[in-house]
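**Student:** After the structure tokens below, expect a handful of questions from me.
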Amino acid sequence: MKTAVRKQMTINPVVMDLLNNQIALEMEASASYLAMASWCDQRELLNSKEFFYKQAEEEREHAMKIFTFVNDNGGAALSPQIQNVNNDFESLRSIYEASLDQEINVTQSIFNIFKSARKEDDFVTEIFLQWFITEQAEEEDKFRSIIDIFDLMEGMPLKMIDERLPKE
Amino acid sequence: MNADVHVEKTIQLKEFTFCKYQLTTHTKVITLSFPQLLQLRKNVKELTRHHSLHQIIDADNFVLLFVADKQHLIYLDIPQLLFLNKEIESFFSSFKSVLI
Ligand SMILES: [Fe+2]
Ligand SMILES: [Fe+2]
């Protein structure tokens, strides 16, 4: 019995549960960015809308990366339920601030899984997660730089600020 | 007779062959593939969360659970449900990845 499950799965079951939570988190992030993209699209904020449409797709790719990883390693990936997507925003700046918060949450969650993988000697997942850790550091940095632009251009018309923002 | 002992006798999970598992309840013996075992683990885990247990107790005090891709329906009261959860967890807890 000791090795019964190990023969079927390369990853640790506890870690697998956390990876499934992470799939949900990435899909939630994707849904959230899609809502932000729509807000920007409706207001003709061209760079921002492109940026958020792209973010929505990227988050889905992250989810899929974990999804196939879980199944490829003998586990059971679960298609998550996405609830309570916020579609109401007060300003473009608040959207980027909310995005940074969201990214920080995702980073913390990845760290948690990484720790758990270490604790359980799940080296396969540990190595897999390294890409995500680098990615999250880049993502956080991207949003921080954008919020800096808002600070620098305070008082300027919204469309002018949008023109200075990255499309991806 | 102690309730735990009784439950222990009625539900059992065993490895049958390399990729087949056997769930024995008081009425039947069900063969499970590994994906079906993972599915059972997930469902039982959800049902034994604090919140779900309360809901079960407030309602009928038992659950009917589909197993093996809905080929079987099993009846579980709360002690049986908790026992099955433990049984499954012990099955998975002896997992030590790579170090075998
Ligand atoms: Fe992501
Ligand atoms: Fe992200």
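**Student:** Quick one: which residues, 5 or more positions from B:Leu32 or on another chain, have an amide H under 5 Å from its amide H? H modelled 1.01 Å from N in the peptide plane, none for Pro or chain starts.
**Tutor:** Close amide H contacts, sequence-distant or interchain: B:Tyr21, B:Gln22, B:Leu23.
**Student:** What lysines sit close enough to A:Lys142 to cross-link, taking a C-alpha to C-alpha distance under 23 Å and skipping anything fewer than 8 places away on the same chain?
**Tutor:** A:Lys49, A:Lys54, A:Lys65, A:Lys159, A:Lys167
**Student:** So what is the accessible area of segment B:2-92 per residue, in Å², with the probe set to 1.4 Å?
**Tutor:** 57
**Student:** At a probe radius of 1.4 Å, figure out the B/A buried accessible area, summed over both chains, and give it in Å² to the nearest 100.
**Tutor:** 2000
**Student:** Just tell me how shielded A:6-13 is by partners: mean number of partner chain Cβ atoms within 10 Å of each residue's Cβ, no decimals.
**Tutor:** On the way: counts 8, 5, 9, 5, 2, 3, 5, 9.
Average neighbour count from other chains, rounded to a whole number: 6.
**Student:** Which aspartates and glutamates does B:Lys14 reach when only Cα atoms under 19 Å apart count, and residues fewer than 8 places away in its own chain are ignored?
**Tutor:** B:Asp4, B:Asp69, B:Glu87, B:Glu89
**Student:** Okay, moving on. Suppose a student asked you for the relative contact order of chain A, using Cα pairs under 8 Å spaced at least 6 residues apart; what percent would you report?
**Tutor:** Relative contact order, chain A: 31 percent.
**Student:** Highest mean first, what order results for A:32-45, B:11-24 on Cβ atoms within 10 Å?
**Tutor:** On the way: A:32-45: 18.7, B:11-24: 15.6.
My ranking of the peptides, most packed first, is A:32-45, B:11-24.
**Student:** A further question follows. Give me the dipole magnitude in Debye, nearest 20, for chain A about the Cα centre, with unit charges on the beta carbon: positive for Lys and Arg, negative for Asp and Glu.
**Tutor:** 680
**Student:** Go through A:47-56, A:81-90, B:42-51, A:66-75 and give me the packing order, highest mean Cβ count within 10 Å leading.
**Tutor:** A:47-56, A:66-75, B:42-51, A:81-90
**Student:** Further question on the same structure: How many partner chain Cβ atoms sit within 10 Å of a residue's Cβ in peptide A:70-76, on average, as a whole number? Write out the running numbers ahead of the final one.
**Tutor:** Details: counts 0, 1, 0, 1, 3, 3, 8.
That average works out to 2.
**Student:** Determine ³J(HN,Hα), in whole Hz, for all residues of segment A:160-168 in sequence, where each value follows from phi through the Karplus function 6.51 cos²θ - 1.76 cosθ + 1.60 and θ = phi - 60°; x replaces Gly and Pro.
**Tutor:** 5, 5, 4, 5, 8, 8, x, 8, 8
**Student:** Name the helices (complete DSSP H segments) of chain A with a Cα length along the long axis of 15 Å or more and a Kyte-Doolittle mean of at least 0.0, or state none.
**Tutor:** Qualifying helices: A:13-42, A:123-152.
The values are calculated or read from the model by the stated rules, or taken from the named source; none is laboratory data. Computed from a predicted model, the values in this text were never measured in an experiment. Virtual Cβ from ideal backbone geometry, glycine too; neighbours counted across all protein chains shown. Keep in mind that these areas ignore ligands, DNA and RNA; they rest on the heavy atoms of the full protein, side chains included. Shrake-Rupley method; radii C 1.70, N 1.55, O 1.52, S 1.80 Å.
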